[in-house]
Amino acid sequence: MFSASAKRAVTGVGAALAAFVVAQGCSDQGPPQSAAHVEISSGGAPQSAIAGSPVQAIPSVLVTNSGGSPVANTKVTFAVALGGGTSNPATAMTNASGIASSYWTLGTVAGPNTLTAIVENLAPVAFSATGVAGPATIMTAEPGTTPQTIAAGAVPVLPAVRVTDTNGNPVAGIKVVFATTTGTIAPVNVNTDANGRAAATSWILDNSAAGIKAAYAYMNGSFPVVNFVVTMLPGPPVGLTNVPSDLAVPAGQNLELLRGTYAPAALPDIR
């Protein structure tokens, strides 16, 4: 049988050995490892949204160490690289799962957008999205189509409009209706092209009295309405025949016909 003192000695040695083993195990683990790799966690597939609006899939990244384990409390910077727009927040810290995310709102101009996620000393990763035009809300007359002044007959610069969303992006495939109460206009229905443009191909004024003539365009059977105004001058000039020889126009002067009346550039000296 061991004496009480011997038992205490063995117990003390065992405790010391256990403490050594625990300490040795802890030292083998070493200090926490730093970020070694960043990859897309969600929102990586190309997506699209209306220009100026947030994307549906929120961009997220996963940060891991060299052993593939998540790294928490690592700063990730989300920066817009193409297309304008914003990220919120612009910087985020990874959570306990190594994940950091940011809400991404696309730029207001339709087209490609790129967002990058950057971790210091690591290669950045990129998210891509396409901004598309929103609903058609604005219709304007093409420059030069209104107002105009003509003698009669066919209108030289035909009615044309451009349809856009609230951010000015052209909207294709919108039906525009052209109409007039002073003559004929064709075609009546025109769909906007890729540039948001729709135009008539003919507008012939009627033979009514000279004055203001109008056509108009509207889309989707509703407002807004764009007006096209043409001022038609009186009928064609009247030709003059048998002008008396003593009513000759002095050399260097021109005979002008205005609204069917004789109006020389300078009155001759009649004696």
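The values are calculated or read from the model by the stated rules, or taken from the named source; none is laboratory data. Everything quoted here is computed from the prediction, not taken from an experiment. Don't worry about glycine lacking a Cβ; one is built from the backbone with ideal geometry, like all the others, and counts go over all protein chains shown.
If you take the residues in the range 35-78 that are among the hydrophobic types (A, V, I, L, M, F, W, C) and surrounded by fewer than 17 Cβ atoms within 10 Å (Cβ to Cβ), which one is farthest from residue 92 (Cα to Cα)? Full working, then the answer.
Keep residues of the range 35-78 that are among the hydrophobic types (A, V, I, L, M, F, W, C), which gives 35-36, 38, 40, 45, 49-51, 55, 57-58, 61-63, 71-72, 76, 78.
Narrowing further to those that are surrounded by fewer than 17 Cβ atoms within 10 Å (Cβ to Cβ): 36, 40, 45, 57-58, 72.
Details: 36: 17, 40: 14, 45: 21, 57: 17, 58: 13, 72: 11 Å.
Among residues in the range 35-78 that are among the hydrophobic types (A, V, I, L, M, F, W, C) and surrounded by fewer than 17 Cβ atoms within 10 Å (Cβ to Cβ), the one farthest from residue 92 (Cα to Cα) is 45.
Of the conditions (1) touching an Asp or Glu at 6+ places or on another chain (Cβ under 9 Å); (2) among the hydroxyl-bearing types (Ser, Thr, Tyr); (3) under 30 Å from residue 163 (Cα atoms), residue 86 satisfies every one except a single condition; which number is it? The number of the failed condition is (1). Within the range 149-166, residues that are in contact (Cβ under 8 Å) with a residue 40 or more places away in the chain and not assigned by TED's automatic domain parsing to the domain that holds residue 215 reach no partner that is assigned to a loop (DSSP other than H, G, I, E, B) and surrounded by fewer than 18 Cβ atoms within 10 Å (Cβ to Cβ) with beta carbons closer than 7 Å at six or more positions or on different chains.
Taking the criterion of being surrounded by 14 or more Cβ atoms within 10 Å (Cβ to Cβ) and of a type in the set (S, T, N, Q), the residues of the range 96-125 that qualify are 101, 102, 105, 108, 113, 114, 116. Where strands (runs of 3 or more DSSP E) sit wholly within the range 109-208, those with at least 3 residues that are touching a Lys or Arg at 6+ places or on another chain (Cβ under 9 Å) occupy 138-141, 160-164, 189-191.
One residue is enough: does the range 212-230 have a residue meeting the conditions touching a Leu at 6+ places or on another chain (Cβ under 9 Å), at pLDDT below 80, hydrophobic (A, V, I, L, M, F, W, C) and surrounded by fewer than 12 Cβ atoms within 10 Å (Cβ to Cβ)? Looking for residues that are touching a Leu at 6+ places or on another chain (Cβ under 9 Å), at pLDDT below 80, hydrophobic (A, V, I, L, M, F, W, C) and surrounded by fewer than 12 Cβ atoms within 10 Å (Cβ to Cβ), one finds none in the range 212-230, hence no.
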